[in-house]
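Let me begin by presenting the structure, written as structure tokens, before commenting on it.
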Amino acid sequence: SGIRMTLRILHRILQGMPQTLHKSHEHLLHYHLIPLHRPSSMVLWRDQTSLLELYHEPLVQCVAILLQKRPEWIPSVIAALIEPEIWNKGGNTPKLVLLLHEIDTYIGILPDPSLNPYVLGDTWPTLLRIVGGCMASDHSRLAERALTFVKTKNFRLLIEGNFEQSLSILLPFLVKREPSWNPTVRKMTYNVLKTFMDFDEQRFLKIADHAFPSMTLDPTPA
């Protein structure tokens, strides 16, 4: 109660802050804003409304404005959001969709990843496994949101800069024995595979051959 309004007021205050942030702002970020992501309950299961959804928009706005001023904090924030205490599946798909949207937003704030494709460090492969698992989810809403990551320019640049590692992680999630039951997810999966192939077809096929030595990869939409 009152969290949404408090966050809106905080956002207005943060907008007026100078570009140079201090230790107290980092403390605000990690000890007050990040913990607000922990609730995994639902307001009403019937309506599939996550408790986090009630104040998620102004929460993301507050975090984003801090990260815009201090983009070097982005890796630690993303790492915190995919920790089990926050990224707690527990059947709460609406919360996971919100978190995917939030992480995608922060990736978009990163300074040009082509200059430093390893900016996320050890968080990158863990994030890819989580995003890949969502891409392969039977929940179409979750799968669609994860597949949308590839539309983010910075995400594509991170993939290109870590091509072998990234595709080795993602391909097993994208190429399954049984395609998704959802036609939209199938089409989006094809488009993602096509995007990766267009990066570098020869390297793509080499990684695919290594990942699937007994099959021919032909990402043709059903």
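The values are calculated or read from the model by the stated rules, or taken from the named source; none is laboratory data. The structure presented is a predicted model; accordingly, all values stated were derived computationally and were not measured. Ideal geometry is used to build each Cβ from the backbone, glycine not excepted, and the neighbour counts take in all protein chains shown. Accessible surface areas use protein heavy atoms only, side chains included; no ligands, DNA or RNA. Shrake-Rupley method; radii C 1.70, N 1.55, O 1.52, S 1.80 Å.
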Notebook entry, point to check: Does anything in the range 104-129 have its amide N under 20 Å from the 7 Å Cα→Cβ label point of H25, and if so which residues?
Noted result: 105-112
Notebook entry, point to check: Which order do peptides 70-78, 96-104 fall in by mean Cβ count within 10 Å, highest first?
Noted result: 96-104, 70-78
Next item on the list: Any chance you could run the full-extension gain for T49 through M17? It's 0.36 nm times the residue separation minus the Cα-Cα distance, nm to one decimal.
Entry: 8.2 nm
Note to self: Classify the range 42-144 from the C-alpha gyration tensor, please: rounded if a/c falls under 1.5, else prolate or oblate depending on whether a/b exceeds b/c.
What the structure shows: oblate
Next item on the list: Please report, as a whole percent, how much of the solvent-accessible surface of the chain comes from carbon and sulfur atoms (probe radius 1.4 Å).
Entry: 54 percent
Next item on the list: Which order do the peptides 162-171, 127-136 take when ranked by the mean count of other beta-carbon atoms within 10 Å per residue, highest first?
Entry: 127-136, 162-171
Notebook entry, point to check: Let a ≥ b ≥ c be the square roots of the eigenvalues of the Cα gyration tensor of the range 18-67; is it rounded (a/c under 1.5), or, if not, prolate (a/b larger than b/c) or oblate?
Noted result: prolate
Margin query: Only helices at least 24 Å long along their own axis, judged from Cα atoms, and with Kyte-Doolittle mean hydropathy of -1.0 or greater: name those in the chain from DSSP H.
Written below: 93-109, 183-199
Item checked: Relative contact order, percent, the range 31-186 [alpha-carbon distance under 8 Å, six or more residues apart] -> 21 percent
Next item on the list: Would you calculate the separation in nanometres between label points at I109 and S168, each defined as 7 Å from the Cα along the Cα-to-beta-carbon direction?
Entry: 3.1 nm
Item checked: Positive minus negative residues near P113 (Lys, Arg vs Asp, Glu; Cβ under 14 Å) -> -2
Next item on the list: Can you tell me the FRET efficiency between R186 and H210 if r is taken as the Cβ-Cβ distance and R0 is 22 Å, rounded to the nearest 0.05?
Entry: 0.35
Check: From the residues T195, H139, V175, which one has its Cα farthest along the dipole of the range 135-202 in the positive direction, the dipole being from +1 and -1 charges on Cβ of Lys/Arg and Asp/Glu about the Cα centre?
Finding: H139
Note to self: Here are labelled values, (i) 111, 31, 24; (ii) 56, 46, 23; (iii) 47, 44, 42, and one is the computed Cα extents along the principal axes in Å for what I pasted. Which one?
What the structure shows: (ii)
Notebook entry, point to check: Just how many pairs of Lys in the chain have C-alpha atoms closer than 26 Å, counting pairs that are eight or more places apart or on different chains?
Noted result: 23
Next item on the list: Could you calculate the contour length gain from E201 to T148, that is, 0.36 nm times the residue separation minus the distance between their Cα atoms, to one decimal place in nm?
Entry: 17.0 nm
Notebook entry, point to check: Excluding P58 itself, what net charge comes from residues whose Cβ is under 11 Å from its Cβ, given Lys and Arg +1 and Asp and Glu -1?
Noted result: +2
Check: From the square roots a ≥ b ≥ c of the eigenvalues of the alpha-carbon gyration tensor of the range 94-222, which class results: rounded (a/c under 1.5), prolate (a/b over b/c), or oblate?
Finding: oblate
